[in-house]
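Only one structure is covered here, and it is reproduced in the block below.
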Amino acid sequence: MGKDFGLKGVKVYAFTLIELLIVISIIAILAGLLFPALKKAKDVAQEVVCKSNQKQIATAIFEYTNDNNGYFPKIYSYAEYTSGPG
């Protein structure tokens, strides 16, 4: 059954190379099946974060208009900040 490696009365049971390669290939196949599901979950989480950010921005604008007699906040363009005076 087990192999005797020169140790008196001690049998050592070890995996063969084929058994290890089979186990590694099974793990690789399972990981390959799992990665698409993880990507989908990550995409759904990113969508939830994006929707939450949009809701916070909309709430901030709504509160601003409530505090300022229905006026919306002034929108500044990037050119106004970078063009400088004049």
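Taken together, the values in this text are just the output of simple stated rules run on the coordinates, not laboratory data. Because the structure is predicted, anything quoted here is derived from the model rather than measured. Backbone-built Cβ (ideal geometry, glycine too); neighbour counts: all protein chains shown.
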Return the sequence-ordered ³J(HN,Hα) values of the stretch 43-51 in whole Hz as given by the Karplus equation 6.51 cos²θ - 1.76 cosθ + 1.60 applied to θ = phi - 60°, using x for Gly and Pro.
5, 5, 5, 5, 5, 5, 4, 4, 5
Given a Förster distance of 30 Å, report the FRET efficiency between Phe62 and Lys42 from their Cβ-Cβ distance, rounded to the nearest 0.05.
0.45
Estimated FRET transfer efficiency (Lys11, Ala31; beta-carbon r; R0 41 Å; 0.05)
0.75
